[in-house]
Amino acid sequence: MRKKKKKASSFQRTAQTSSFLFHLFSLSDYSKDQHGYFMFSDFLCYLPSRNPKEVQYLIDWYFNMELTMQYNSSVGGWTGFTPAGLITAAKFNADKHDVVQRILERELVCQRSVEIIYETTETAKVEPNVSLQTVEDNDSTLECSALDFYPKHIRLTWFSNGQEVTEGVTFSDVLPNGDWTYQAHTYLTLTPGKQDHISCMVQHTSLKEPKIYNWESSKNHTENYIIGGVCALLLGAVFLCGGLIHYKLRRRSF
């Protein structure tokens, strides 16, 4: 019994240049027998610039999780990396129909997608998903994380009582997620004994204005619960006194 699967296309920037690696789709073909043979292929377009002539078309061919051979349009054919891959690559390179098919795939799929990909990524904006919490196993350090945003440039700023904080602050690099979005993190070491109003401000081109995220310590939560409890008790006492007064007035009238 054999099954085939296709993976949706995606693309990502490579390094800090304007090049792109465009993942067209993946094909897997495997048989459920005692050997568990597994074949997997990745079809990709590499766009180093907006010049369609520089586009590279790549196919990575895996067998049992091992890269056996690869097609590279810059090389002009298949290259084998294993004994079985060398044999299959030689057969494919000798097949005129396969050679023509790969040339057409590069032209129709990769080269004609250059402008669409560049225009899409240059205008795309994805708002960051921000979280603010203490670092695990370290309650004295706060972490402000911005996840899944695009484009790359972002600014994270700490504030204490409305004043920007620069001491005890560290930043991570802006890291690619592999799906052309990014993530960034910043950390603030809290001063012992201080319960300031801490906040993290996020500035990004996807936001109409900077967003501020406030942090509340566990002590502040406890104080809020205590204040709420005291208010509830006082309100209950007021209602109780009012009820007693009303009861006494009615008794006297009776």
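Cβ-Cβ distance of H197 and V109, R₀ of 51 Å, FRET efficiency by 1/(1 + (r/R0)^6): the value works out to about 0.40. Legend: ranking of residues H185, H97 from fewest to most surrounding C-beta atoms inside 10 Å; resulting order H97, H185.
Shown here for segment 52-107: chymotrypsin sites (Phe, Trp or Tyr not before Pro) in loop regions (DSSP other than H, G, I, E, B) with at most 14 other Cβ atoms within 10 Å, namely F81. Annotation: peptides 175-184, 149-158, 82-91, ranked by per-residue average of other Cβ atoms within 10 Å with the highest first, follow the order 149-158, 175-184, 82-91.
All of the numbers you see were taken from the coordinates with simple rules; none came from a lab. Just so you know, these numbers come straight off a predicted model, no measurement behind them. All Cβ positions, glycine included, derive from the backbone under ideal geometry; neighbour counts span all protein chains shown.
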